[in-house]
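Heads up: the structure comes next, in structure tokens.
A short reminder: the numbers here are calculations on the coordinates, not readings from a lab. In this text the structure is predicted, and so the values were computed from the model without any measurement. Here Cβ is always computed from backbone atoms with ideal geometry, including for glycine, and neighbour counts include all displayed protein chains.
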Amino acid sequence: LYSLLGVDRTASLEEIKRAYKKMVLIMHPDKNSADPEAHSKFVQITRAYGILKDAELRLNYDKYGDASLDDQVNLRKNIFGGNTKIFMMTMIDFSYLTADNKHHWFIYFHSDFCRRCHDLAPIWLEMMDKLDDVISIGAVNCDNEPLLCRDIGIQMVPSFRMFPGNKRYIGEVAVDQLVSFIYSTATVKPLELTVNSIYHFPSRPILVQLCNDTELCLMKQSTLALATFLDEIVTVATLNCISDKLLCTMFDSDPVGMILFKDRFNLSNFVQVPSNMTTKRIVNYVLDHFPVKAIEMSIDEIERLLKKKFLAVNMLVEFSNKQSTDFHMRKLPYLLDKKEIVFRQFNCTIAPQICSEKLFIQKYPTFIIFSKNGGREIYYGPIDLHSIVHFAVESKSFNVFSFGPDQFPMEIDLYKEKWIVDFFSPFCSPCMLFLPQFKLAAKKLKGKVNFATINCAAHSALCQQYNINRYPTTVFYNKSIPFPYFSYHTENDIVQFIENILSPSVVYLTSEREFTEKVLNRPEEETWLVEFYLPNCYWCMKADAEIRHLAKMFDGRSDIKVAQIDCSWLISFCSTLGIRQFPLVRAYMRGNKDHYIVYQANMMDSNSLKIWLLSSMKINITKLTPDNFDNMLLNSDEPWLISFFSPRCSYCHYFQPIFQAVAAELVNRVNAGTVDCALYREFCHSLRIFGVPAVRLLYSGGPKSDEAVQSEFGIPIPPSEFNEFLATVLANLPAVKYSHIHLTEKDEL
């Protein structure tokens, strides 16, 4: 390769570039039209330059020669080469597809840069062909979805996992072994048909496999596949024609054939399934014999549906632009019928204006659920049978509305009703991961708050009207007053955010007189945390939910109050107090009416604020030494919570305010103390403290928790974040009802 460009092996990248440009001017086919090999020579020069300019490929060529380059290039290609049969899953797909715990997925986690992954790809494809599309198969490229692979616990590739359960396949990676593993995890098994057992079967049609050997027949992979695919529609069973000859002879059938009973109580009404059919063809043949089919809607029917506010039934409509050929989707009408949901189809090619202008459909097929209460929700997940059924069943009870400009805000009354609206884009990954959590919150708050989504990709003008410039943006409209949501995208955080607004614990100070009476002239035992804010300040809006949550944390405590002051109404007063930036948090501490401290940290979340406030309170934390250690413990009826630390330990400094905050929280239940292990190394070692920070809970002879088992060195409490640390200490304290008691003034030693 070097000789093609006329350079040495030691040539720099700049020398290689100059040589290539020089060769292009000389060897270009347009300048050598008389030479029949001009094109192939030019291709060789270009290939040489492409390899030598890439540091990794050049190093590999220098080490192993030209033969190794094909392997290197192949490792950079997708291991399936763009094969459309492979369903490549994203994190969003995974969250939708594994939501239904009844349905199994077998997933191949791989990397394009893994040689063994490339070697196993043909085996995976052959396994898929053998399964004949009856089992759900997927693949995840961990190069593209590193967070998904990390969350699942993929530490090395290739890895084969069965979901739900995240069960890892360990064994020989061969087609037959993989297929056997899949069927061994099947939760739906064929039943054994006898004259007596048939009356205990579910009330639905029965597909019977006649067998000469029941054990082999029950474990036959095609029979297991049929039972899995036809689950909830048809009961798949086997009939032993050796032990039940009389029953078999009634059907006048091949002793290894298949029979379909439409009614389990009428064995004379059966259809013989043609022999030599694949599993997929048998499924299609069975489904053709039942009346539940997808019904096409006319233009008049769809227009009447769009005008109705309330329906007699829940209806799922598939909007498409061609006839569906998906084998799995044939089950959809049957499964929805079992869930009391009507299924319809509408061909958008006969009335494209309805789909594009009234429903704002951007891709096909699109599924929309129309619920009885007038709600309408669009499905944005992957086109998968079980995911769509799960969506339809959940949506009819969740009542999440999909709004457009015709509905929002015209058809709702923001001045009287409570609405939380999620502005999103289906092309935004965080948006799609947030939607399932948004729906779960809707289920929890059903009847209290209305939930809606607006697709900003379809309704960009509407979103611009409401100044939506990032996705997802979620706003809670509490009787027309907007409260932006900035917290984590989880169900519990959304519920907590809404409940803190609907039933606030925060005190709103609206005048200078009120501030003076409640804060400046507060009782001796009270502490007030006050946030000064402006309503149109971005960081103030972010802090608002955290302040509300902090107030909820101190519910029931008469000694700590959390308040807010809107400085847009009290500009001169805030200026008099020296408020120059927003948001600003001050804590007016107990015991000294003129004393306050300012929160200086960057993280203004409720947990950090709580730790800061509690750790700032003056409480008695005793400095313990080898001389006073035994006396202090023996002369107290209360347990001791002791922190062992070193001034040179960075994590000890981080943990110190957490320890102080917990000590303040439990001031009337425990004594708090610290031991400096840098100063008293031998003493710490005698107490079996070999690393810091370390915490011990010691009893001096008082009552112990039933769960607490104390050694002579105390109960170890692992240092952790505030909530976890407090919970661990409480779990090991005596079983006394925990209540907040006013803190008393003590000097810190």
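LYS610: which lysines have alpha carbons under 19 Å from its alpha carbon, excluding same-chain residues fewer than 8 sequence positions away? Here the lysines satisfying the reach criterion relative to LYS610 are LYS542, LYS552, LYS561, LYS618. Indicate the gyration tensor shape class of region 596-706 (rounded, prolate or oblate), computed on the Cα atoms with a ≥ b ≥ c the square roots of the eigenvalues: a/c under 1.5 is rounded; otherwise a/b larger than b/c is prolate and the rest oblate. Here region 596-706 falls in the oblate category. For region 632-692, applying the loop criterion from DSSP together with a ceiling of 16 other beta carbons within 10 Å to the trypsin sites (Lys or Arg not before Pro) yields ARG648, ARG688. Taking every DSSP helix (H) stretch of at least 4 residues in the chain, weighting each as -39,500 (n - 2.57) and dividing the sum by the residue count yields a mean residue ellipticity at 222 nm of -10000 deg cm²/dmol. Each residue, GLN323 and SER572, gets one label point 7 Å from its Cα in the Cβ direction; the gap between the two is 8.1 nm. Within a straight-line Cα-Cα reach of under 21 Å, LYS53 can be paired with the following lysines, leaving aside sequence neighbours fewer than 8 residues apart in one chain: LYS17, LYS21, LYS22, LYS41, LYS63, LYS77.
Largest first, the extents of the alpha carbon coordinates of region 504-616 on the three principal axes equal 33, 29, 25 Å.
Sorted largest first, the principal axis extents computed over the alpha-carbon atoms of region 91-184 equal 34, 31, 20 Å. From least to most packed, judged by other beta carbons within 10 angstrom and beginning with the fewest, TYR380, TYR596 follow the order TYR596, TYR380. Under 5 Å from the amide H of CYS428 lies no amide H of any residue 5 or more positions distant or on a separate chain, with H modelled from the backbone and absent for Pro and chain starts. Based on Cα contacts under 8 Å between residues 6+ apart, the chain shows a relative contact order of 6 percent. When the Cα atoms of the chain are aligned to their principal axes, the ranges along those axes come out at 94, 85, 63 Å in descending order. Sorted ascending by nearby beta carbons within 10 Å, beginning with the fewest, GLU526, GLU531 become GLU526, GLU531.
Rounded to the nearest 5, what is the percent of antiparallel bridges among the DSSP beta bridges in the chain? Approximately 50 percent, going by the DSSP bridge assignments. Cβ-to-Cβ counts within 10 Å put GLU682, GLU126 in ascending order as GLU682, GLU126, the fewest first. Each residue of region 587-599 was assigned a 3J(HN,Hα) from its phi angle through the Karplus curve 6.51 cos²θ - 1.76 cosθ + 1.60 (θ = phi - 60°); the sequence is 10, 8, 7, 5, x, 9, 5, 8, 9, 9, 10, 10, 6 Hz, with glycine and proline shown as x. For SER402, the residues whose amide H sits under 5 Å from its own are ARG376, GLU377, ILE378, THR453, ignoring neighbours fewer than 5 places away on the same chain, with H placed 1.01 Å from N. Averaging the Cα positions of each part gives two centres, and for region 622-655 and region 410-460 these lie 51 Å apart. In the chain, the longest principal axis of the Cα atoms and the axis of helix 13-27 are about 30 degrees apart.
The angle between the Cα long axis of helix 55-64 and the longest principal axis of the Cα atoms of the chain comes to about 60 degrees, rounded to the nearest 10. Magnitude of the charge dipole for the chain, about its Cα centre and with charges confined to Cβ atoms of Lys, Arg (+1) and Asp, Glu (-1), is about 1100 debye. Spin-label pair ASP35-TYR364: with each label point 7 Å from Cα along the Cα-Cβ axis, the two points sit 5.4 nm from one another. Full extension of the chain between SER650 and ALA727 gives 25.3 nm of extra length, using 0.36 nm per residue less the Cα-Cα distance. Relative to the longest principal Cα axis of the chain, at what angle does helix 175-184 sit, 0 to 90 degrees, rounded to 10? Taking the Cα atoms of the chain, the angle to 175-184 is about 60 degrees.
The antiparallel fraction among DSSP beta bridges confined to region 91-184 stands at about 55%.
Out of all DSSP beta bridges in region 504-616, what portion is antiparallel? Express it as a percent rounded to 5.
45 percent
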